[in-house]
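**Q** Okay, here's the structure, questions in a sec.
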Amino acid sequence: MPQRNKQSFLQGALILSAAAILTKIIGALFFKIPLQRINNSAYGYFEAVYNIYIPIYTVSTAGFPIAVSRMVSQSLALGHYRDIRVIKKVANRVFLITGTCGTLAMVIASLFYPEFVDMPNIRLTMLVMAPSIFFCCMVTAYRGVYEGSRNMIPTAVSQILEALGKLVFGLSLAAGALRLGQWQFENGLKVFGRQAESAQQALDISLPYIAAGGMIGVTAGSFFSFAYLIIRYRRFGSGITKDELALSPKPHTPGSIFRQLLKIAIPVALGTLATELTTMIDVVSLQKSLAVVYNKNGDIIREIYKNALAASNTNDVLAFLTGNRGIAMTFVNLVPNVTLTLGISALPVITSAWALKDYSQLKKMVSTVLRITIMISLPAGLGMSVLAKPILNLIYEPHNVAVAGPQLEILGLAVVFICLVAPVNAMLQAMGRADVPAKIVLVGGAVKFIFNTVLIMNPHLNILGAAYSTLICYVVMVTLSIRALIRIVKARLYWKSIFLKPLIGSILSSAAAWAANGLLSRFISAKFSVIIAVFAAVVVYFWVLLSIKAIKRDDVLMLPKGEKIAKILEKYDWIG
């Protein structure tokens, strides 16, 4: 690729991170949270469908996104520029087939899954979401080409467009469905074709349509993302110059490229299938266990949440609990969506180093990715845990905080482990060891299934049991993954710089946040006190990192204007 389009590992990660943060702000603050406020039970339907959509979509793409990125990166490293065009054409054909199959799978699942989990009202939502699987698969082909070329801007822009489409269409249609149902009842009409005897019954009838309206936004967003990438590619291509094409050897045939894609994709796909099988087991076992324990011990569960249920004005207890788990997971997923970009950005660098047998660069990248991932996730997770309820109080009603808060306290501790899984797996896949994540994920799935069944089936824990099982599952997976990574790379990891220094900073910053919030909330508004507490935690964390020289010079040099920043930090002896 031309130098102007190639980004360093950290520059690429920063671009994707900025896009991830912006899309999460759009998705959480301007879409999910307003949707939750429109109606918590309707959001529960949305969340239940989204949980089944993700495994089907990921299985539909299988290992091909990683394979496309790896092959493009390897072709660039070896100067086989003409191969990239063939890779893109083959990938488009593959995703056309898998996207169609994924869409059909969602339609077929809608025929039986809603009854299986005792949530028949989610069928319509599943149907309107099905086409988004096709568009997302087609998007992946283009993103794989750009990411393998170390040009993360197209991916970032497409993600933002996807979030905006979800916001504009999803929120508008969800709110419109709510108002339409109310208008129909107030004017003596049937509510979505059914007779309602009361305002509450009219609302209950409207819930599936509110959720479906929100889900249409997901489909619209995926379409806009796809349209943008098609237009961009046709106008600018992949960025390869005429000179590079002239110097490139004759390209491989589509059949040969397809066989190479399969060779890379099949091991990755097995890992993906294992991951999504685990996710599917988690989703189904969670919702099924919750339904079973509620049917057996509904009186105990209703007693536990009686105040929250009364305040939420809902009759669907399962949707209410699922929706509040979604609230906790909305915050938990903010951080992994940022650290996921480290794995995406590191993949072409590690692939190139592996192809060129540059083991020094390989070991350096592994240490850098682990250190930066922990440096981001550890303070975020601990801070989220100690300030769980105050943070939720910023946005949600007390009845939501009462249910989601205890879950977030536990899940906050799991954040650092959740954040490590994707980057570590991406590095293993880049080195051709996709079989390792597959085996580890299966072990994690077994752990998750066992603890989901045992803990959720305890009526006094119910939905809280899912938070504990998530923590246990990811601790096991990360422990096994890092051991495997060390064995394959044969690298000595310096745990003092990778883990110990960020841990010291995270503990001190979390303690500062807890103390500041506890003290200030006695004198000022609780919402202002938690905002100040978060700001204090950030200041303390960076002060500690600089004081103990946890930030490395090589990391700073990969940033835009890295040389100038490094000189400033060296002047005050703040860099390692």
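The values are calculated or read from the model by the stated rules, or taken from the named source; none is laboratory data. None of these values were measured; they are calculated from a predicted model. For neighbour counting, all protein chains shown are included, and Cβ atoms are generated from backbone atoms with ideal geometry for every residue, glycine included.
**Q** Considering (1) in contact (Cβ under 8 Å) with a residue 60 or more places away in the chain; (2) among the aromatic types (F, W, Y); (3) farther than 19 Å from T219 by Cα, say which one W183 fails and leave the rest.
**A** Every listed condition holds for W183 apart from (1).
**Q** Does any residue of region 111-128 turn out to be among the hydrophobic types (A, V, I, L, M, F, W, C), closer than 30 Å to A308 by Cβ, in a loop (DSSP other than H, G, I, E, B) and at pLDDT 80 or above?
**A** Yes - at least one qualifying residue is present in region 111-128.
**Q** Further, regarding this structure: Select from region 58-76 the residues that are among the hydroxyl-bearing types (S, T, Y) and either surrounded by fewer than 24 Cβ atoms within 10 Å (Cβ to Cβ) or modelled with pLDDT of 80 or more (or both) and list them in ascending order.
**A** T58, S69, S73, S75
Yes/no matrix, rows are residues, columns are (1) in a helix (DSSP H, G or I); (2) touching a residue at least 40 places away in the same chain (Cβ under 8 Å); (3) within 21 Å of M152 (Cα to Cα):
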residue: A346; (1), (2), (3): yes, yes, yes
residue: V366; (1), (2), (3): yes, yes, yes
residue: L370; (1), (2), (3): yes, yes, yes
residue: L378; (1), (2), (3): yes, yes, no
residue: S385; (1), (2), (3): yes, yes, no
residue: K389; (1), (2), (3): yes, no, no
residue: L392; (1), (2), (3): yes, yes, no
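**Q** For region 492-524, what are the residues that are of a type in the set (A, V, I, L, M), surrounded by 18 or more Cβ atoms within 10 Å (Cβ to Cβ) and at pLDDT below 90?
**A** I498
**Q** Oh, and also: Any chance region 502-510 includes a residue that's over 30 Å from S367 (Cα atoms) and of a type in the set (G, A, S)?
**A** Scanning region 502-510 turns up no residue that is over 30 Å from S367 (Cα atoms) and of a type in the set (G, A, S).
**Q** A further question follows. (1) free of Cβ contacts under 8 Å to residues at least 60 places away in the same chain; (2) in a helix (DSSP H, G or I): which one isn't true of S506, the others all being true?
**A** (1)
**Q** Now for a separate question. Is it the case that some residue within region 250-263 is modelled with pLDDT of 90 or more and not assigned by TED's automatic domain parsing to the domain that holds A434?
**A** There is no residue in region 250-263 that is modelled with pLDDT of 90 or more and not assigned by TED's automatic domain parsing to the domain that holds A434.
**Q** Can N458 be described as assigned to a loop (DSSP other than H, G, I, E, B) and in the same structural domain as A319 (by TED's automatic domain parsing)?
**A** yes
For every residue, the table says whether it meets (1) closer than 30 Å to S172 by Cβ; (2) in a helix (DSSP H, G or I); (3) of a type outside the set (G, A, S); (4) in contact with a Phe, Trp or Tyr (Cβ under 6 Å, 6 or more places away or on another chain).
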position	(1), (2), (3), (4)
A196	yes, no, no, yes
L207	yes, yes, yes, no
A211	yes, yes, no, yes
T219	yes, yes, yes, no
Y228	yes, yes, yes, no
D243	no, yes, yes, no
A265	no, yes, no, yes
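**Q** Right, something else. Quick test of your reading of the structure: L189 fulfils all but one of (1) assigned to a loop (DSSP other than H, G, I, E, B); (2) within 22 Å of the chain's Cα centre (by Cα). Name the failing condition by number.
**A** Every listed condition holds for L189 apart from (2).
**Q** Now, a different point. Hey, does region 336-345 have a residue that's within 27 Å of A426 (Cβ to Cβ), at pLDDT 80 or above and either more than 18 Å from the chain's Cα centre (by Cα) or of a type outside the set (D, E, K, R) (or both)?
**A** Yes.
**Q** Cβ-Cβ distance below 7 Å, separation of 6 or more or different chains: which pairs start in region 280-303 with a residue that is touching a residue at least 40 places away in the same chain (Cβ under 8 Å) and end on one that is part of a helix (DSSP H, G or I) and of a type in the set (F, W, Y)?
**A** I281/F449; S285/F449; I301/Y294
**Q** Only one residue in A430, A355, A402 is within 23 Å of R150 (Cα to Cα), touching a residue at least 24 places away in the same chain (Cβ under 8 Å), surrounded by fewer than 24 Cβ atoms within 10 Å (Cβ to Cβ) and among the hydrophobic types (A, V, I, L, M, F, W, C), so which one is that?
**A** None of the other options fit; the residue is A355.
**Q** Now for a separate question. Just name the residue that is surrounded by the fewest Cβ atoms within 10 Å (Cβ to Cβ) out of those in region 77-126 that are farther than 27 Å from G432 by Cα and among the hydroxyl-bearing types (S, T, Y).
**A** Of everything passing the filter in region 77-126, T100 is surrounded by the fewest Cβ atoms within 10 Å (Cβ to Cβ).
**Q** Would you call G432 at pLDDT below 85 and closer than 26 Å to S367 by Cα?
**A** Yes; evaluated as a whole, the condition is true for this residue.
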